[in-house]
1. Quickly run through segment 612-634 and pick out the residues that are within 23 Å of F436 (Cα to Cα) and crowded, with 16+ Cβ neighbours inside 10 Å.
2. In this structure, does S566 turn out to be open to solvent by less than 20 Å² (accessible area, probe 1.4 Å) and of a type in the set (G, A, S)?
3. Limited to segment 316-340, what total is found for residues that are assigned to a strand (DSSP E or B) and either open to solvent by 10 Å² or more (accessible area, probe 1.4 Å) or within 18 Å of L399 (Cα to Cα) (or both)?
4. Could you list, in sequence order, all residues of segment 301-322 that are closer than 20 Å to F529 by Cα, under 16 Å from the mean Cα position of the chain (by Cα) and not hydrophobic (A, V, I, L, M, F, W, C)?
5. Can you name the number of the only condition in (1) open to solvent by 50 Å² or more (accessible area, probe 1.4 Å); (2) of a type outside the set (D, E, K, R); (3) over 19 Å from the mean Cα position of the chain (by Cα); (4) more than 21 Å from R253 (Cβ to Cβ) that P691 fails?
6. Can D293 be described as more than 24 Å from I493 (Cα to Cα), without any contact (Cβ under 8 Å) to a residue 60 or more places away in the chain and either open to solvent by 30 Å² or more (accessible area, probe 1.4 Å) or part of a strand (DSSP E or B) (or both)?
7. Do you know which of the residues in segment 718-736 that are over 24 Å from L609 (Cβ atoms) and in contact (Cβ under 8 Å) with a residue 12 or more places away in the chain is most open to solvent (accessible area, probe 1.4 Å)?
8. Among helices (runs of 4 or more DSSP H) lying entirely in segment 63-170, which contain 1 or more residues that are modelled with pLDDT of 95 or more and touching a Phe, Trp or Tyr at 6+ places or on another chain (Cβ under 6 Å)?
Amino acid sequence: MKVRNLTYRSSVFTPAGLEGDEDLQFLLDGGNLVKIRSSSWKKPRFYRLQDDCKTLWHEVGLMWQGRAQTGNSDSWQFTLDDIESVRKGRQSEGLKKHTDASVEELCFSIFFKGSKKNLDLMAASDVEATRWVKALDKVLNNMRNLSHQKKSEHWIINCMRKADKNADNKMTLKELKHFLRQINVEVDDTYAEEIFKKCDTSNSDSLEDSEIKHFYDMLTHREEIDVIYGQYSKTEGQMSASDLLNFLLNEQREQATPEDAYKLIEKYEVDEIAKQKKRMTKDGFLMYLHHDDGSILNPAHKPVYQDMSQPLNHYYISSSHNTYLMEDQVKGPSSTEAYIRALMKSCRCVELDCWDGDNGEPVIYHGYTMTSKVLFREVIQAIKDYAFKTSEYPVILSLENHCTLEQQKLMAHYLISILGEALLSKPLGYTIPTNFPSPEELKGKFLIKGKRLNKLDAFFNKNNTIEDDSVSEEDEAADFKENKQNGQKKSKIKLAKQLSDIVIYCKSVHFSGFEHARDNQDFYEMSSFKESKAFNLADTSATAFCHHNMDKLSRIYPAGSRTNSSNYNPVPMWNVGCQIVALNFQTPSKEMHLNQGRFLPNGFCGYILKPEFQRSLSSQFNPNTLTKGPWLKRKTFHVMVGVVSGQQLPKINKEKHKSIVDPLVRVEVCGVPADNASKETHYIDNNGFNPTWNESFKFVIHVPELALVRFVVEDYDSTSQNDLIGHYCLPLTSVQNGYRHVPLLTKRGDVICSAGLFVHLMLIDAK
């Protein structure tokens, strides 16, 4: 990788695109803010962005005339990579609880990825608070929008800065060894000295300027790219448009035209002279490989590309279980923040467990446990504020109602008054509906899932009158109570008419068998299945389950015994067409990785159109037996690891100064039982910077439309379980053939900025 004007000067390292930016300078200068932890703990702190432009630092006390006024030297810092979002106003539960509404415009919060507690701050003025939020958002967006190549450059240069202990802009042999450990490479002293001498052309016992540039170029040289580029650069050592077209057709297996080749050169070539000649240099070729066109994910599948005008039950719907919980199911905190996080991940069905609260106010928490409580109205306000920020398609509010009539009426009041016109309160159209509306028709709408006292026909019957009455409990509520109260059977609850009336297309009913549902239930009457029952039905009555889901919605929820908020495997449920496969979003796990992969394409909008054979009533699809049918499209999937390499894999144990990862790659296919497979490379000793594995895998896929591919990179450990370094999952139907870069995500699903895999993939018809 060629980097122009490389420098890691110990002065400010300015991010690309922000040179001379006033907002960046504002953060670098820093300012005084009040940190708020409680009503009595509000203390002044001085915050500023450090010169690496990646670390936000604070010191106890105020900064006055350039010096911190403090009784001690306590300081604290975090990286911008740790930040999930910055929100202006009293958006956090802490600020709402510990500050007065009069300081709304002075407050802002920094929310972190994972379980780290948010940082609540107050500025001296509205203008100052706005400036902090605007500046942080700008730097965060700049950082997140950098190309993979630029992120890689920034990461390496920041490691160089850290290695330069005395900040003299030079690198001694000792500092070079420290730098190599920083970037996750273990080399013996002899090799380190050899590299050092080769670059130290001035014989000064330190590297500086062009010598550091030479060292960087040696370090980041990609031999595999040289080989690929060399095979196709037939025009004076460069790729002409014709050469590039040959590469696209023969290696990438794309249906490319000369015009496509010209566009790629125009888009990615960095050398203006080469661009004028309609050629691509190796630098331009590397830029292409590191952007969307060279990604494993088909760029045509990144935006919403599927037909969104089908009935709602024809889609898989990203769904959360016990959404209010931040941690476990027994004593963990309940929070509006949990809803915000799920919605910002495009979750389109959230759950609300509603109970009578103090002062007549309904609350949400996990009943009969020690989990904390959050006000129902605050949850509804948070849902309204964040429901459609990442997806405009409908959100289902799944109510588990344990409240008395009076508090149910208040619940209905909050839903109607807070959600306003966005709440679907009557069927669409002027006649009795016979099928679900589509996600397209329901854009920006909230649907309530819960018990209803009568049929939807009531909306079209002028003589219909109904009063509060008793209904059976939700199946999940009954199962939960049975577990907690020594086998107590399902009971009836009183249901308020006001709450019943706003349940439109998602009326909860008890499941009494597929035949009973077919003969007695309307399309909008849906059942919830605990995982054990759902998995049993998927094993014993898969075709019937598929047919049930062609006409109705099904919701699956985790077993009550999963008190640690673990998850079940969602794939068998998608295999039989279940739409609302609810998972514990707060728990990072393979199951959530699969969920993230399932909903990655189609604009990450939370809706994925099911295959035709899961929508057509004539289909006899059974994922367990795979009889002949339109679903059977045998493919061979080649993952050629012979040319696979990893780039800048992160350290796992950062506490151990000298720890270096021993990475291995596992490729998994998850789909119908016949397609489930996993294959693994050997591990590489002490190299997380540029490991290469030299292995090839072959998978035979029978039902590609249901298959997910998951790449897993782990740190091998001979004495204990391997540590996860990173992963990436996507539907097989969204995989691009050829030489592709695979981004890597953390366990919690956040992008690892500098890391990735380089692979060769081929999905072809099986012979």
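The values are calculated or read from the model by the stated rules, or taken from the named source; none is laboratory data. In this text, all values refer to a predicted model and were calculated from it rather than measured experimentally. Every residue, glycine as well, gets a Cβ built from its backbone with ideal geometry; the counts of neighbours run over all protein chains shown. For accessibility, only protein heavy atoms count, side chains too; no ligands or nucleic acids. Shrake-Rupley method; radii C 1.70, N 1.55, O 1.52, S 1.80 Å.
1. F613, Q614, R615, S619, F621
2. On the way: open to solvent by less than 20 Å² (accessible area, probe 1.4 Å): no; of a type in the set (G, A, S): yes.
No: the conditions fail for S566.
3. First, pick out the residues of segment 316-340 that are assigned to a strand (DSSP E or B): 316-320, 325, 334.
Filter once more, so that each one left must be either open to solvent by 10 Å² or more (accessible area, probe 1.4 Å) or within 18 Å of L399 (Cα to Cα) (or both): 317-320, 325, 334.
Here the count works out to 6.
4. Of everything in segment 301-322, those that are closer than 20 Å to F529 by Cα, under 16 Å from the mean Cα position of the chain (by Cα) and not hydrophobic (A, V, I, L, M, F, W, C) turn out to be S318, S319, S320.
5. So P691 meets the others, but not (1).
6. It is true that D293 is more than 24 Å from I493 (Cα to Cα), without any contact (Cβ under 8 Å) to a residue 60 or more places away in the chain and either open to solvent by 30 Å² or more (accessible area, probe 1.4 Å) or part of a strand (DSSP E or B) (or both).
7. Step one: filter segment 718-736 for residues over 24 Å from L609 (Cβ atoms), giving 718-727.
With in contact (Cβ under 8 Å) with a residue 12 or more places away in the chain added as a condition, the list becomes 722-727.
Values: N722: 41, D723: 70, L724: 52, I725: 10, G726: 0, H727: 2 Å².
Per the stated criteria, the residue is D723.
8. 126-144
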